[in-house]
Amino acid sequence: VAENVCPGHLPHSLLRLRERGVTVVPHGVSLGLGGADRPDAGRLTALAERAEALGSPLVTEHIAFVRAGGELTASPRLEAGHLLPVPRTRDALDVLCENVRIAQDALPVPLALENIAALFSWPGEELTEGQFLSELVERTGVRLLIDVANLHTNHVNRGEDPAEALAALPVEAIAYVHVAGGFERDGVWHDSHAHPVPRPVLDILTGLATRVAPPGVLLERDENFPEPAELVRELAAIREAVAIGRARGRAAERTAVRGAGGAGAGGVGVLARPVAGVRERLGVAQTAVLSALVAGTPVPEGFDRVRMGVQARALAAKRAGVVAKVAPELPVILGAGYREAFLEYARRRPMRGGYRQDALDFAGHLLKLGRPQDARARRDLREWWLDRSGPAPRKRGLLGRVLRRRGGRSH
């Protein structure tokens, strides 16, 4: 993840991979190219610096919005902390195309964009995913990072046919491919990156490979790592899925009628339109959606309230998990009550400045309420908040001291 890398202090693991000839690609998650605002110049500069520091042949981002509000809509700025789907409308496509061109001009290497997994759909969409991606490529020349696991997620959650999306893709634009695992709960597929790759995802990969030899396939596994032998089996299954698809593709090519011409999605010929007013309309719509998800305001008309509730809970759970990683002292201090307390806090309080600020805001909120009730825990929390709320931590080893005071136990 690009935002987790400091160009001047590359992790030793990445340096070792580069020494072994492994290509390292910065994978951005915070540009929000599908948002109503123009891309932030500082974020683009940071992404460019990471590409240069890693000697990367390209950088990747997502077709998503991650924030809304602000000056464009004269409303408070809201951060999602996660990738949210853009409406597949002409307006949203116009804004996305202009944002992509701005990003391409600022980056030193080619840009590839990933299709995301979504838990909800926008009402009144005008294009399928395949049409949306195809026209995006035609109008900008951007490359694609196709995540076949996300196609499966959208099949389960939104009823979209992965084969239809694959058929419309401009395969010549594919930079590489992602596969990942997930799990289903109450009829909703969650793209976890922490579970084995299921057979339906491998089947979609095979379907893609019948049309094109993927330049590369990357297995996304962010946590809950299996034993090496299990990982080897999973990688072998991915290779086999590609090999089966390539064999089928070659067989189809041998039997195809020569000179029939391709059916591709090219030739749309859509001209760029002025997007000034379009940005405002899109901004208002995205702000209403994000406010419903992170601030408890009413769900906009036309959206599935159940799915919006699932998305809101997923965003809060992700916040809780990431805050626990960037501020590991908090789960130790609060013990088993950490998660419940954080979800209660997050229900109507959006992030206002990233996860570290979120951790500080959460701790400050609890202290204002006189919580936790245990005096020692409250003292530890106050000490942590005072230590972290300044420009730099005043003390080192706070987590170790808290653990020692609590007998070395972490919840």
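We did not get these values from a lab; they are worked out from the coordinates using the rules stated. A quick note: this is a predicted structure, and the numbers were derived from the prediction, not measured. Virtual Cβ from ideal backbone geometry, glycine too; neighbours counted across all protein chains shown.
For this structure, a couple of remarks:
- Cβ-based net charge around Asp147, under 10 Å, with every Lys or Arg adding one and every Asp or Glu removing one: -3
- The stretch 199-254 and the stretch 1-66: distance between their alpha carbon centers, rounded to Å: 25
- Considering only beta bridges that DSSP places wholly inside the chain, some 35 percent are antiparallel.
- The order of the peptides 128-135, 190-197, 221-228 by mean Cβ neighbours within 10 Å, most packed first, is 128-135, 190-197, 221-228.
- Farthest towards the positive end of the charge dipole of the stretch 2-255, among the residues Ala68, Val156, Phe225, is the Cα of Phe225, using unit charges on the Cβ of Lys, Arg, Asp and Glu.
- Were the residues from Arg356 through Arg254 laid out at 0.36 nm apart, the gain over their Cα-Cα distance would be 31.0 nm.
- Each peptide in 153-161, 10-18 gets a packing score, the mean of other Cβ atoms within 10 Å over its residues, and the list from highest to lowest is 153-161, 10-18.
- Taking the fewest neighbouring Cβ atoms within 10 Å as the starting point, the ordered list for His9, His27, His82 is His9, His82, His27.
- Between Arg339 and Glu230, the simple label model (points 7 Å from Cα in the Cβ direction) yields a spacing of 1.9 nm.
- Label assignment, Cα extents along the principal axes in Å derived from the structure, set [x] 96, 52, 43; [y] 64, 52, 39; [z] 80, 53, 44: [z]
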